[in-house]
Amino acid sequence: MYEEYLKALLAPLGVYRLDKDSLSGAELYALGGEMDLAAERLEDVERESVTATAEGEGLRRREALFLRRPASTTLQERRDAIAALLQIDGDSLTPEAINRTISGCGIRARAIETGTNQVRVEFPGTAGVPRDFDQIQRIILDILPCHLGVEFHLRYLTWEACHRAEYTWAFVEEQSYTWETLPLAIPPEEESL
């Protein structure tokens, strides 16, 4: 790429032999190759230096800045989590900012103030214990201010919800629920509660 650029730059002068068999052509070939390598490295550095475009080393180095690695797996989720964590500052203690940071880390949860210095963390659309709960819990506790009392609210099917949904034993058997899966069978209308 740069070899051709250098040749095109020098061709109008008419004083250089630019074919590969000439000394000038060989020098341009060597210089062009080195400039191509430098351009590729600069392209990598530029990509990795911006969170929104980083793919490898840039993400790993940013994640190393935090006590825990964000609970996200895809490239875009990792970028979003890093961006969310980098936005935390002294003004990030509002419920909206905290929830933005939690969701930015790829965690499907919301923190709700339940009283003075009390917060309940819910997992909408998730029944039972979320996958990777231990890691998620540690990350959320790192995000939330340390003076808050935090209660993690895990949702299971209650007898009251069974009565509201008019579940019968025949329905339970028809759905092939077991004692392990029945507590996770929250009716759709109960999901938003």
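State yes or no: is GLU160 at pLDDT 85 or above and part of a helix (DSSP H, G or I)?
So GLU160 passes the test.
Residue check, GLY115 against (1) closer than 28 Å to VAL50 by Cβ; (2) open to solvent by less than 70 Å² (accessible area, probe 1.4 Å), all met but one. Which one?
The one condition GLY115 does not meet is (1).
Among the residues of the range 10-30 satisfying the criterion of being open to solvent by 100 Å² or more (accessible area, probe 1.4 Å) and of a type in the set (A, V, I, L, M), which is farthest from the chain's Cα centre (by Cα)?
VAL15
Taking only pairs six or more apart or across chains, which ones have beta-carbon atoms under 6 Å, a first residue in the range 107-128 that is without any contact (Cβ under 8 Å) to a residue 24 or more places away in the chain, and a second residue that is of a type in the set (D, E, K, R) and open to solvent by less than 50 Å² (accessible area, probe 1.4 Å)?
From the range 107-128, the pairs are ARG110/GLU122.
Restricting attention to the range 130-155, which residues are in contact (Cβ under 8 Å) with a residue 60 or more places away in the chain and in contact with a Leu (Cβ under 8 Å, 6 or more places away or on another chain)?
Matches in the range 130-155: ASP142 only.
Tell me, yes or no, whether the range 56-67 has at least one residue that is over 30 Å from THR101 (Cβ atoms) and either part of a loop (DSSP other than H, G, I, E, B) or open to solvent by 40 Å² or more (accessible area, probe 1.4 Å) (or both).
no
Give the residues of the range 17-52 that are assigned to a helix (DSSP H, G or I), small (Gly, Ala, Ser) and modelled with pLDDT of 80 or more, sorted by residue number.
ALA30, GLY32, GLY33, ALA38, ALA39
The values are calculated or read from the model by the stated rules, or taken from the named source; none is laboratory data. As the structure is a computational prediction, the values presented were derived from the model and not from experiment. Because the Cβ atoms are built from the backbone with ideal geometry, glycine has one as well, and the counts that use them run over all protein chains shown. SASA here: full protein model, heavy atoms, side chains in, ligands and nucleic acids out. Shrake-Rupley method; radii C 1.70, N 1.55, O 1.52, S 1.80 Å.
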